[in-house]
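Student: Supplied in structure tokens, the structure appears directly below.
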Amino acid sequence: MSLFDKFQTTATQYKALREGIGRDPFGVSMDEMKGPTRAMVNGKEIVLAGTNNYLGLTYDDRAIAAAKDAIDQSGTGTTGSRFANGTYAAHRQLEIDLAAFLGFKHCMVFSTGYQANLGAISALAAPPEDVILLDADCHACIYDGAQLSGAEIIRFRHNDPESLDKRLGRLGDKVKGKLVCFEGMYSMFGDIAPVKELIDVAHKHGAYALLDEAHSFGVFGDNGRGVCEAEGVLDDVDFYTGTFSKSLASIGGFVASNHPELEYLRFSSRPYMFTASPSPANVATASAALARLKSDPSMRENLWQNAKRVHAAFTQLGFDLCAPESPVIAARLEGREQAFMAWNFLMENGVYVNLAIPPGTPNATSILRLSVSAAHTNEDLDAIINAYTALSEMLSAQAA
Amino acid sequence: MSSIQEDDDLVFRKIASLIEPLNEKGVKLTRDTDLIADLEIDSVAVLDVVMDIEDSYDISIPVNTISEIKTIGELVDAIHAIKKEQS
Ligand SMILES: Cc1ncc(COP(=O)(O)O)c(C=O)c1O
């Protein structure tokens, strides 16, 4: 019995909240997709504002055609890893295209973004002499990669170069390799890292900088190369990690670097070697979406225009927003119960957003996370803003 | 009272003062208090408290060490061990 005891506290809490509202925020079923921003849920059409479909490319004509062709030509699955079972030409081509787009010499494609971080971090650092320093708010896959490496892990304060500086400064002479991990835009609050300062601090101490641009690739920078492009420090990043699952509307991930040693990971990174490589359709989709991203800045322009409109509207409604304008717009609620109730209210008003409640959220906050897409139409945005307007009226009536 | 014991009390009191705001159930804090089981503090909040401790003592406490710590007493002991090693 003791195997299951550890789940009890959280399970009981969720059950009480779920039964209170009659819906499960962590198990919403989209019964039928109606396009990049709409789905049928319980017989009702809902506006999707809780995705990571930043550029809105999930129904891109060329990407769909490329995926169909890839299945016709190369089949449905690769049935194995590149290390054991071989690389398809399309895997290699995508690595070349990504490296060229970002301006790095080397790139490795993984089966998911989770595995890209897991694979890079776990292979790069090793006990007993290496140390990994990570931003306190880093995504689970960065923590897990660090754990898998077995190396010593030290957290620094979120987005705080001085806190990193202190921790690097305290490391003794016995430490050999130092790897500093952080993200471009953070997924839950939509806040941006001071990437230039963090990289400067890392390099000052002889450490390598690993930057995960999972949510900012395709979104930030003049060419969509991420926050590091926007800050003018792309060339200073030692390891750039990303995913195909957000702006590229596919599944997969990658690590890019100018260090030729990146290639060693092909025979030392377990999350690369011991899992099936991305399917032909996934690779073809990512390639087509990348081509579109390179040639068509209008999606990024739409995305930002939409983000600005929603951010301004929510600010005016008086919501406690977690960050300045960005495509992730998170509103802080008073606690778990209020956030649960607010989330359900938005669902009833036809808008799906993400609920994030403790345990596990930064500073134990309860938030509603909304993500804007370039594919959101003005009608979609009206529906979102109307639902939040009704929510803010309901919350202030309750407070009165 | 030996100086080690005195220092022990100081570290304990420092930790207790940092944890008290999270002690919603008003549990009496002792060396044997289990941070997660007794206080129901979220695991991320434990890491955040540790970050405050790190900055108070100018030491680094690896996440690997924290995951093995259950009670306040174990945290006090870990801080002593690290202070000794890093000074
Ligand atoms: C910061 C960050 N890195 C990596 C990932 C993992 O991406 P993927 O969905 O490709 O596994 C995510 C998404 O969940 C993320 O938010």
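The values are calculated or read from the model by the stated rules, or taken from the named source; none is laboratory data. Predicted model, so just to flag it, every value in this text is computed and none were measured. So basically every Cβ, Gly included, is an ideal-geometry build from the backbone, and we count neighbours across all protein chains shown. Accessible surface is based on the protein model in full, side chains and every heavy atom, while ligands, DNA and RNA are left aside. Shrake-Rupley method; radii C 1.70, N 1.55, O 1.52, S 1.80 Å.
Student: For A:ALA89, work out the one condition from (1) more than 19 Å from A:SER245 (Cβ to Cβ); (2) crowded, with 22+ Cβ neighbours inside 10 Å it doesn't fulfil.
Tutor: (2)
Student: In contact (Cβ under 8 Å) with a residue 60 or more places away in the chain and within 14 Å of chain B (Cβ to nearest Cβ), is that true of A:ARG309?
Tutor: no
Student: So which residues in region A:352-384 are open to solvent by 30 Å² or more (accessible area, probe 1.4 Å) and modelled with pLDDT under 95, if there are any at all?
Tutor: A:PRO359, A:GLY360, A:ASN363, A:ALA364
Student: Further, regarding this structure: With respect to the numbered conditions (1) buried (at least 17 other Cβ atoms within 10 Å of the Cβ); (2) over 12 Å from the mean Cα position of the chain (by Cα), which one is the sole condition not fulfilled by B:VAL27?
Tutor: (1)
Student: Could you pull out the residue among A:ALA89, A:ALA136, A:ALA140, A:ALA100 that is hydrophobic (A, V, I, L, M, F, W, C) and over 24 Å from the mean Cα position of the chain (by Cα)?
Tutor: A:ALA89
Student: Sort out for me the helices (runs of 4 or more DSSP H) sitting completely within region B:3-71 that have 1 or more residues that are more than 14 Å from chain A (Cβ to nearest Cβ) and of a type outside the set (Val, Ile, Thr).
Tutor: Correct list: B:3-19.
Residue-wise test of (1) within 14 Å of another protein chain (Cβ to nearest Cβ); (2) crowded, with 19+ Cβ neighbours inside 10 Å; (3) in contact with a Ser or Thr (Cβ under 8 Å, 6 or more places away or on another chain).
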position	(1), (2), (3)
A:ILE96	no, no, no
A:ALA116	no, yes, yes
A:GLY119	no, yes, yes
A:LEU124	no, yes, yes
A:PRO127	yes, no, yes
A:VAL131	yes, yes, no
A:ASP137	yes, yes, no
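Student: Test A:PHE239 against the stated conditions and say whether it is under 30 Å from A:THR76 (Cβ atoms) and either open to solvent by 10 Å² or more (accessible area, probe 1.4 Å) or small (Gly, Ala, Ser) (or both).
Tutor: For A:PHE239, the condition - under 30 Å from A:THR76 (Cβ atoms) and either open to solvent by 10 Å² or more (accessible area, probe 1.4 Å) or small (Gly, Ala, Ser) (or both) - is not met.
Student: Read through the list (1) part of a loop (DSSP other than H, G, I, E, B); (2) more than 12 Å from the ligand (Cβ to nearest atom); (3) away from every other protein chain (no Cβ under 11 Å), then give the number of the only condition that A:PHE217 fails.
Tutor: (2)
Student: Mind checking which helices (runs of 4 or more DSSP H) fall wholly inside region A:84-167 and carry at least 2 residues that are of a type outside the set (A, V, I, L, M), over 14 Å from B:ASN64 (Cα atoms) and in contact (Cβ under 8 Å) with a residue 12 or more places away in the chain?
Tutor: Here the list reads A:89-102, A:113-124.
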